[in-house]
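The structure under discussion appears below in the form of structure tokens.
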Amino acid sequence: MKSNELRQIFFEFFRSKGHIIVPSAPMVVKNDPTLMFTNAGMNQFKDIFLGNHNATVNRVANSQKCLRVSGKHNDLEEVGHDTYHHTMFEMLGNWSFGDYFKKEAIEWAWELLTERLKIPEDRLYATIFEGNTEENVPKDDEALMYWRECFDNPGDRIIEGSKKDNFWEMGDTGPCGPCSEIHIDIREDSERSRLPGRELINKGHPQVIELWNLVFIQYNRKNDGVLEPLPSKHVDTGMGFERLCMVLQGKKSNYDTDIFQDIITEISRITGKPYGKTEKWDTALRVISDHLRAVSFSIADGQIPSNNKAGYVIRRILRRAVRYGYTGLEMEEPFIFRLVPALARTMGSQYPELVAREDYISKIIFEEEQSFLKTLGKGLRMMEKMISDLRKENRNVLPGRAAFEMYDTFGFPVDLTQLILRENDMHLDITGFESEMQLQKSRSREDA
Ligand code: SER
């Protein structure tokens, strides 16, 4: 089943349960000081949950473009090194605004997965919140009761989880509540019989993963950390679309689904480096296919790379892609901009903004690639030399001044210096770097 078809099945299912299908909100957030990017499907509904706005309809569903690269939810460094982390991803969600609650949320999730999509029950697990006395939130016996009605063998299949995994919060403040997650075990049968999937839930196993999070929004986390009950109870669910595609397309990696393969094939065509040959190429191909999406969608939503805030986050993502292209695929000329048409072909039917702004997105990416490549080659060679010098001297801390010179003279970003050091089990003397920065600031004030 193709990804575009799967998205439609999700919409149709929830339409049949009385939901209105609404468009994704922009991925770039312009009017919320606590958030730069949409990091969850519920962001656009925050004010409804808090009771500041009345909902015009009380059941909606959609596919939301999300980006998790800053703040509480940040996956950037993981991306490319495993099969299931992404910067930008789509979250399929259904919402109840003060309407249905745990019973329907659980029953419908179960019906969609096991009846409509025919995922075998013996691959699924559900987690529920074990409760927390400090927060004064009880164990979620209600969710437990409904899950018991779903599974044939609930004793094995329902797991209690702590606040870390089963109490969902958007950020430091805002709407939140206990959650119940559906996990799936897609390992081979032989492995499954050796070790039950329940032992691997929330342990970072790439084939025993969370698929859908059902959040029961009941509280507002205030600035002082106190949980205040909300006037009404709401449902906020989020299912990782790329993961669902992986499961239904019988793959073991999100990057093997058509969502990514269409783009990876295009990168391979341009670079002459096929997927599945060497780990070095594969990591670079995954990084670039992921980052292309994040950067293109951000530009389509009006956020271009720049030197501050959201623009800087986008710049860092794009530069990370350029760096992996350079070191992993030997691409010393701009090429990422040439991938935008393939992305627009794959995702444009759901997100027409990609098609409408295709040329503009390509142009911005081209300019950014071109200017960064100038500094990258030189900077990387200098880094290599500094790292080997440190190694010879048995040291693992790069002096702040060296990093500052790289930044000041060549425009080599300090976060990239730090990243490369980390990859080599080294780190930067950040205090030294900051005092060099301060010194330079006072020098320029004196000069002015
Ligand atoms: N808000 C929850 C999440 O982002 C479910 O949508 O995981």
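The values are calculated or read from the model by the stated rules, or taken from the named source; none is laboratory data. Just so it is clear, the model here is predicted, and its values are computed rather than measured. We place every Cβ from the backbone using ideal geometry, glycine too, and count neighbours over all the protein chains shown. Note: areas computed on protein heavy atoms with side chains; ligands, DNA, RNA excluded. Shrake-Rupley method; radii C 1.70, N 1.55, O 1.52, S 1.80 Å.
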Q.
Of everything in region 13-66, what is within 13 Å of the ligand (Cβ to nearest atom) and more than 18 Å from the chain's Cα centre (by Cα)? Give them in sequence order.
A. PHE45, LYS46, PHE49, VAL60, ALA61
Q: Could you grab me the full set of residues in region 327-340 that are under 24 Å from ARG68 (Cα atoms) and open to solvent by 10 Å² or more (accessible area, probe 1.4 Å)?
A: PHE337
Q: Within region 87-123, track down each residue that is under 19 Å from GLN207 (Cα atoms) and in a helix (DSSP H, G or I).
A: LEU113, THR114, GLU121, ASP122, ARG123
Q | Count of residues meeting criterion [more than 12 Å from LEU339 (Cα to Cα) and surrounded by 16 or more Cβ atoms within 10 Å (Cβ to Cβ)] in region 286-309 | A | 11
Q.
Could you tell me how many of the residues in region 188-207 are open to solvent by 70 Å² or more (accessible area, probe 1.4 Å) and either under 26 Å from the mean Cα position of the chain (by Cα) or within 22 Å of ASN254 (Cα to Cα) (or both)?
A. 5
Q.
Yes or no: region 215-224 includes at least one residue that is over 26 Å from TYR360 (Cβ atoms) and free of Cβ contacts under 8 Å to residues at least 12 places away in the same chain.
A. yes
Q: Find the residue count for region 242-297, including only residues that are over 30 Å from PRO120 (Cα atoms) and of a type in the set (D, E, K, R).
A: 8
Q. Name the helices (runs of 4 or more DSSP H) wholly within region 344-434 that hold at least 2 residues that are farther than 15 Å from ARG323 by Cα and open to solvent by 90 Å² or more (accessible area, probe 1.4 Å)?
A. 358-392, 400-410
Q) Of all residues in region 93-139 being away from the ligand (no atom under 16 Å from the Cβ) and among the aromatic types (Phe, Trp, Tyr), which is most open to solvent (accessible area, probe 1.4 Å)? A) TRP110
Q | Filtered residues of region 228-261 (kept if of a type outside the set (Asp, Glu) and open to solvent by 30 Å² or more (accessible area, probe 1.4 Å)) | A | PRO229, PRO231, SER232, LYS233, ARG243, LEU248, GLN249, GLY250, LYS251, LYS252, GLN261
Q.
The conditions are (1) charged (D, E, K, R); (2) open to solvent by 10 Å² or more (accessible area, probe 1.4 Å); (3) not in a loop (DSSP other than H, G, I, E, B), and LYS30 fails exactly one of them. Which is it?
A. (3)
Q. Is it fair to say LYS277 is under 30 Å from GLU369 (Cα atoms), part of a loop (DSSP other than H, G, I, E, B) and either within 16 Å of the ligand (Cβ to nearest atom) or in contact (Cβ under 8 Å) with a residue 24 or more places away in the chain (or both)?
A. no
Q.
Looking only at helices (runs of 4 or more DSSP H) that lie completely in region 150-247, which have at least 1 residues being within 14 Å of the ligand (Cβ to nearest atom)?
A. 163-166
